[in-house]
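Beneath this line is the structure, given in C-alpha cells, with notes to follow.
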Amino acid sequence: MSAKDSERGLQSGELARSAGVSPDTLRHYERLGVLKEPPRTEAGYRLYPPDALSRVLLIRNALAVGFSLDELTRILRLRDSGQAPCKEVAEMALEKVSALDLQIEQLIQLRDSLKVTVKQWERRLKNTPAGNRAGLLESLPQRKDHRTTEKKRRTP
C-alpha cells in the first residue's frame, strides 16, 4: 500500500484482507459498535480510516485470548467515550484465568478417567472372542451430570 493509499483509507476488502477477516466480519463489528461505521465514497464504498486496521487487530487479539464480542462492545464503547475501563478489563481477564484453571482441572480429570476406561477396555477386548461385541460404550460409567434434551413435563 502506498503512502497515498494509506492517507485515503482502506476499502472494506483491503481492510478485511489486511486484518485476516471477511468483509462480513467488518460489517458485523460495525453493527455492534466495536468498529466505527466509515464514511463512503461517492460510489458508495466504505472507506475506513488508516487506524481501523489497528482497531480490528485489537478486536481479533482480544477475542483470541477469550474476550467476547459483548464484552468488547462494552469496553470499547467506554473507551471511545473517553473513559478508561482498564481495571474492568483486568478484572475480566482474571475471571477468564480462573475459568481456564477450572476447565483445565476438569479436562485433566476427564483425561485420567478416560485412561482408566481405555485400560479396562483393553482387558475386555482381550477376553472377547473375535467377531463378538465387547460392549465398550455400554460399559462407560454413568455420569450424574448428563444433560437431556427431553423437556420436563409441567404439572398443572
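The values are calculated or read from the model by the stated rules, or taken from the named source; none is laboratory data. Source: prediction; values computed, not measured. Virtual Cβ from ideal backbone geometry, glycine too; neighbours counted across all protein chains shown. For the accessible areas, the whole protein counts, side chains as well, though only heavy atoms, and no ligand, DNA or RNA atoms are used. Shrake-Rupley method; radii C 1.70, N 1.55, O 1.52, S 1.80 Å.
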With all protein chains in place and a 1.4 Å probe, residue 136 shows an accessible area in Å² (nearest 10) of 40
Mean-square fluctuation maximum in Gaussian network of the chain, Cα pairs under 10 Å, restricted to 78, 140, 57, hits 140
May I ask you to list, by number, the DSSP H helices of the chain whose Cα span along the axis is at least 20 Å and whose average Kyte-Doolittle hydropathy reaches -0.5 or more?
86-126
For residue 132 and residue 77, calculate 0.36 nm times their separation in residues minus their Cα-Cα distance, and state this gained length in nm to one decimal.
13.5 nm
With DNA, RNA and ligands ignored, accessible area of residue 108 (1.4 Å probe; Å², nearest 10):
80
Fully extended contour minus Cα-Cα distance, from residue 43 to residue 119, at 0.36 nm per residue:
20.7 nm
Residue-normalised accessible area of the range 4-123, expressed per residue, 1.4 Å probe, Å²
68
Taking a ≥ b ≥ c as the square roots of the Cα gyration tensor eigenvalues, with a/c under 1.5 meaning rounded and otherwise prolate when a/b beats b/c or oblate if not, the range 47-103 comes out oblate
Only one of the values (1) 76, 42, 40; (2) 63, 35, 32; (3) 40, 31, 25 was calculated from this structure for Cα extents along the principal axes in Å; name its label.
(1)
Round to a whole number: what % of the accessible area of the chain belongs to carbon and sulfur, probe 1.4 Å?
53
Taking R0 as 30 Å, what's the FRET efficiency between residue 86 and residue 18 from their Cβ-Cβ distance, rounded to 0.05?
0.65
The answer for residue 11, listing residues at least 5 apart or on another chain whose modeled amide H is closer than 5 Å to its amide H, is 48
